[in-house]
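Each remark here refers to the structure printed beneath this line.
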Amino acid sequence: MCGIIGFTGYADAKKVMIDGLTALEYRGYDSAGIAFFEENGIKTLKTIGKVSVLADKVAKEVVAKTSESTCGIGHTRWATHGGVTDTNAHPHTSGKVTLIHNGIIENYRELELSLKESGRTPVSQTDTEIAALLIDSLYDGDAIKTIKKAVELLEGAYAFCIMFADQPDIIYSLRNSSPLVACHTKEGSIIASDMVALIDYSKDYFVVPEMHVVILKRDSISLTDLDGNEVSPRMLHVNWDMTAAKKGGYPHFMLKEIHEQPDSLRNTILPRIQNKLPDFTADNIPDSLFDGISRIIITACGTAMHAGLIGKVMLERLLRFPVTVEIASEFRYQDPIIDKSTLVITISQSGETADTLAALKLAKEYGASTLSIVNVKGSSIARESDYVLYTHAGPEIAVASTKAYTAQLSCLYLLAFRFAYATGKLEKEKCIEEMHELLNMIPALEETISFDKKIEEISKQLTEKEDLFFIGRGLDYALSCEGSIKLKEISYIHSEAYAAGELKHGTLSLVTEGVPVVALATQQKVYSKMISNIREVKARNAFVVLITMKGQEAEPSIYDYHITLPEVKDTYAPFLAAIVLQLLAYYTSLHRGLNVDQPRNLAKSVTVE
Ligand code: M6R
């Protein structure tokens, strides 16, 4: 959470920062600020509100003839410590130090008390200002030595960009957990929380290693360890360009990303089908991965965890050994039963989710094998895992995850089929057939996207509702969980997902006249059971939106709206039904007049626990 950027070079730093913060805004959008070197020292401009509010403020300053600047740092905030106020916005300054921060300083209270004893009192309520006060109190002109001393005292997660008033046009950066990527181009040196802020300048970059210092100068960028020893950065290359990170004619990123799913699925699946079979040779995932494994734990947060719920069904069905799905924020504080015979699969779009990363580290400590399904190349979770399966979904900017989710599903399906085949639990011919079905799902998914007008019409019936239920069985129940989070996070309508058979054990008392129930009935084996459950809610006069597969008959008396998905094997129905639920959430949010891409209180990348 929070987006940070630092630039020093030959271009207008204010413009580089505002453009970069605009691209990074999905990470936090409570307030924004920049600080830059000018003739008379460092100047700071910050404000509550979105980056556009900051941009107006900066534009006024430019008119007021603020001197040119080619070096600065910028921040877009998702508040953790201290409310949303101008004072709490970053950057924060203490003496010679001006800095921005992404993360949480966990011991800031203790540090604050000891700093107060030496007469240093913060003006804001933030943990970040304490870091500024601390670094300034330690600064003796040697930035790296000072940073090292500060790091010894700071606890928590952080990515910093620091400017020292007596070192014009130089930025020092370091990170612990929170992400940072950097590059040097002919325009200068640039560092940010995410590649989306760098891609206009370079496709080649490096991920800043933890506990290393990046020194950004106009003509060079260098990396050192905390003792000042130079280290060579490991360069990476991205294969997408800026058009992928722009709306491209769509009114919202979310809608664009929903429409990108056929491509993101092709990009994720096709390279992993060789000789008609799932194949992870190019991912360096050997068939021996499952040697000695008797159990799988999938751990993740939010939508990624919901992908895990579907993965569990598929992996158990095909591999025939126990798979559990654990919420990462719970898992990391339990005393999990893990050993060398456990494979822990972590799933994350950003690859930076603090709880998922901590869960992964814990699994490694216990000796488990680890595999991650991650979208962002070189991210912390990818680097920490023994094996990585990248989803090739491209940048996902809308806070509500869509294309990353279906890409995660496709990886889980491929894994389940590959290892069922490799361990002799699935015959070759059957595995080939399944790959055929998986690929057939993509045009069917394209057709499902074309149902958007009907889905928009249904969403108009939901805009005034206060509560909503998603129900399903098996894979449909796992998908209901995803439908529910999608709707609540962007439409602010309360919703719950229920295993349909569970309703009558309590929740049915909430189903009264007009209460919307989205009923997923795509799974053949439990279809008639599902229809009985739908009758039960309809008997209470619920407003039923029924989703079935083509060929599944349903009497009109049990639904108000019926969406029939194109014909695919029901194993693949979650991909298609996910599209319906995503569009339903999208249009409901839109018709409630909300900010679809940046819902209140949320941020895209949750780098704090
Ligand atoms: O980057 P991650 O996939 O690890 O993020 C996990 C969740 O924070 C994320 O899926 C969140 O639930 C989405 N906003 C839901 O749409």
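No value in this document is a laboratory result; all are computed from the given coordinates. Please read these numbers as outputs of a predicted model, since none were measured by experiment. Positions of Cβ are backbone-derived with ideal geometry, glycine not excepted, and every protein chain shown enters the neighbour counts.
Max-minus-min Cα coordinates of the stretch 478-609 on each principal axis give 43, 35, 30 Å, with the largest extent listed first. So how far, in whole Å, is the C-alpha centre of the stretch 426-476 from the one of the stretch 59-128? Each part's Cα centre sits 46 Å from the other's. Put a plus charge on the Cβ of each Lys and Arg, a minus charge on the Cβ of each Asp and Glu, and nothing anywhere else: the dipole of the chain about its Cα centre is then about 780 debye. Across the stretch 149-232, C-alpha contacts under 8 Å between residues 6 or more apart give a mean separation that, scaled by the residue count, equals a relative contact order of 25 percent.
Each residue of the stretch 211-228 is assigned a 3J(HN,Hα), and the resulting list reads 6, 10, 10, 9, 10, 9, 10, 3, 9, 7, 10, 9, 10, 9, 7, 6, 9, x Hz, derived from the Karplus form 6.51 cos²θ - 1.76 cosθ + 1.60 (θ = phi - 60°), x at Gly and Pro.
If a spin label sat at a point 7 angstrom from the Cα of Gln524 along the line to its beta carbon, no backbone N atom of the stretch 406-425 would be nearer than 15 Å. Relative to one another, the C-alpha centroids of the stretch 185-207 and the stretch 238-288 are positioned 22 Å apart.
Report the relative contact order of the chain, percent, no decimals, based on alpha-carbon pairs under 8 angstrom and at least 6 residues apart. Each step should come with its number before you reach the end.
Numbers: 1366 pairs, mean separation 72.6, N = 609.
Taking the mean separation of contacting Cα pairs over the length of the chain, I get 12 percent.
Each semi-axis of the equivalent ellipsoid for the stretch 553-609 is √(5λ) with λ an eigenvalue of the Cα gyration tensor; in descending order they amount to 31, 18, 9 Å. With a ≥ b ≥ c the root eigenvalues of the C-alpha gyration tensor of the chain, is it rounded (a/c under 1.5), prolate (a/b larger than b/c) or oblate? In terms of gyration-tensor shape, prolate.
Farthest toward the positive end of the dipole of the stretch 330-421, out of Pro336, Thr356, Ser401, is the Cα of Ser401, where the dipole comes from beta carbon charges about the Cα centre.
Let me know the shape class of the stretch 31-107, please: from the alpha-carbon gyration tensor, a ≥ b ≥ c as square roots of the eigenvalues, rounded when a/c is under 1.5, otherwise prolate if a/b is greater than b/c, or oblate.
On the way: a/c = 2.54, a/b = 1.41, b/c = 1.80.
It comes out oblate by the Cα gyration axes.
Among 98-111, 527-540, what's the highest-first ranking by average C-beta atoms within 10 angstrom per residue? Mind dumping the intermediate values first?
Details: 98-111: 22.6, 527-540: 17.7.
Result, highest mean Cβ count within 10 Å first: 98-111, 527-540.
In a reduced charge model with +1 at each Lys and Arg Cβ and -1 at each Asp and Glu Cβ, the stretch 540-609 shows a dipole moment near 260 debye about its Cα centre. Selection among His562, Gln125, Thr346 by position relative to the dipole of the chain gives His562 as farthest towards the positive end (Cβ unit charges, Cα centre).
The stretch between Lys488 and Asn40 holds 156.4 nm of extra length on full extension. This uses 0.36 nm per residue minus the Cα-Cα distance.
Calculate the dipole size of the stretch 245-385 relative to its Cα centre from +1 charges on Lys and Arg beta carbons and -1 charges on Asp and Glu beta carbons; express the result in debye to the nearest 20.
Working: 16 positive and 16 negative charges, 77 e Å.
Its charge dipole is roughly 380 debye.
Loop-resident trypsin sites (Lys or Arg not before Pro) (DSSP state other than H, G, I, E or B) in the stretch 255-321 with no more than 16 further Cβ atoms inside 10 Å of their Cβ: Lys276, Arg320. In loop segments of the stretch 1-62 as defined by DSSP, the GluC sites (Glu not before Pro) with at most 13 further C-beta atoms inside 10 Å of their C-beta are Glu39.
Calculated [222 nm] ellipticity per residue, helices only, for the chain: -11000 deg cm²/dmol; basis is -39500 (n - 2.57) per DSSP H run with n ≥ 4, divided by all residues, nearest 500. Seen against the Cα atoms of the chain and their longest principal axis, helix 51-63 is set at about 30 degrees. Using C-alpha pairs under 8 Å with a sequence gap of at least 6, the mean separation divided by the residue count of the stretch 371-414 gives a relative contact order of 36 percent. Taking the C-alpha atoms only, the angle from helix 302-319 to the longest principal axis of the chain is near 50 degrees.
Which of the trypsin sites (Lys or Arg not before Pro) across the stretch 1-70 are loop residues per DSSP, with 16 or fewer other Cβ within 10 Å? Taking the stretch 1-70 and a limit of 16 other Cβ atoms within 10 Å, the loop trypsin sites (Lys or Arg not before Pro) found are Lys65. Can you bin the stretch 429-508 into rounded, prolate or oblate? Criterion: square roots of the alpha carbon gyration tensor eigenvalues sorted a ≥ b ≥ c, rounded for a/c under 1.5, prolate for a/b above b/c, oblate for the rest. Since a/c reaches 1.5 but b/c is at least a/b, the shape of the stretch 429-508 is classed as oblate.
Ordering of 588-594, 351-357 by packing is 351-357, 588-594, highest average first (other Cβ atoms within 10 Å, averaged per residue).
When the Cα atoms of the stretch 501-543 are aligned to their principal axes, the ranges along those axes come out at 29, 20, 14 Å in descending order.
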